[in-house]
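Participant: Got a structure for you, questions after.
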Amino acid sequence: MKRIVILISGRGSNMQAILEAAKAEQWPVTMAAVISNRPSAGGLSTAGESGIATAVVDHQQYADRAAFDTELMRVIDSYRPDLVVLAGFMRILTEEFVLHYQGRLLNIHPSLLPAFPGLATHKRALEVGVKTHGATVHFVTPDLDHGPIIEQASVPVLSDDTEDTLAARVLQQEHVIYPRAVKDFIEGRVRFVNGQVVRDGV
């Protein structure tokens, strides 16, 4: 039985999608905890209502990123996770943190990486006029938003799209591919080996 810890900063819609898929498909997992860097994160209530342990490590209470990450690692490790899932966790993580969880740390990014790493992905996609946009699930490495890709989903960019309409369409696809990628990991179909994604042991 694999143990999963999910990190959030807000409402946790990707977290919710993962929890719903795990329940509906009876994954062989324990949702060990949901942890947020923001005490006001709406997803904490959602997790608590599902009977999942929650914790807050408020980044504003720490002098610097390293001190915050050290405490966050301590809290995460107390739940003994096999997998750590970043689900809208809006913090840039230190190299020490990333390497501590290397190969068992997943993230979803709202673009077709390597295009548009970082913030404001939908705005930037519209500004340059791309015809296709999307989302990417990847293993996290110290190079921000450049870890090896596990899953991607694309959506067309429409002529009348705004940032909000494009973001909403991408988010629908995030809710499909993130649970699928997490399931593949916990069932052993996806692994991180020598900086690459290996599927089904091949």
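Here, each number is a calculation from the coordinates, and none is a lab measurement. This one's a predicted model, so the numbers in the text were calculated from it and none came from an experiment. So basically every Cβ, Gly included, is an ideal-geometry build from the backbone, and we count neighbours across all protein chains shown.
Participant: Mind sorting out which of [x] 11.4; [y] 14.8; [z] 10.2 is the real mean projected area of the Cα convex hull in nm² computed from the coordinates?
Facilitator: Checking each listed value against the structure points to [x].
Participant: Report the Cα centroid-to-centroid distance between region 116-176 and region 179-195 in angstrom, as an integer.
Facilitator: Region 116-176 and region 179-195 have Cα centres separated by 21 Å.
Participant: Follow-up. Lys pairs in the chain, Cα-Cα under 19 Å, at least 8 apart or on separate chains: how many?
Facilitator: Taking the Cα cut-off of 19 Å, the pair count is 4.
Participant: A further question on this structure: Considering the alpha-carbon set of region 29-87 alone, what are its Rg and its Dmax in angstrom?
Facilitator: Rg and Dmax of region 29-87, Cα atoms, are 11.6, 35 Å.
Participant: Under a point spin-label approximation (7 Å from Cα along Cα-to-Cβ), what is the SER154-THR132 distance to one decimal in nm?
Facilitator: Here the answer is 0.1 nm between the modelled labels.
Participant: Below 8 Å between Cα atoms, with a sequence gap of 6+, how large is the relative contact order for region 1-138 in percent?
Facilitator: Relative contact order for region 1-138 comes out at 25 percent.
Participant: Mind checking the full-extension length gain between SER50 and GLU20? Use 0.36 nm per residue of separation minus the Cα-Cα distance, one decimal, nm.
Facilitator: That pair, SER50 and GLU20, stretches by 9.8 nm at full extension.
Participant: Next up: Picking from SER9, PRO28, VAL176, whose Cα lies most toward the positive end of the charge dipole for the chain (charges on Cβ: Lys, Arg +1; Asp, Glu -1)?
Facilitator: Selected residue: PRO28.
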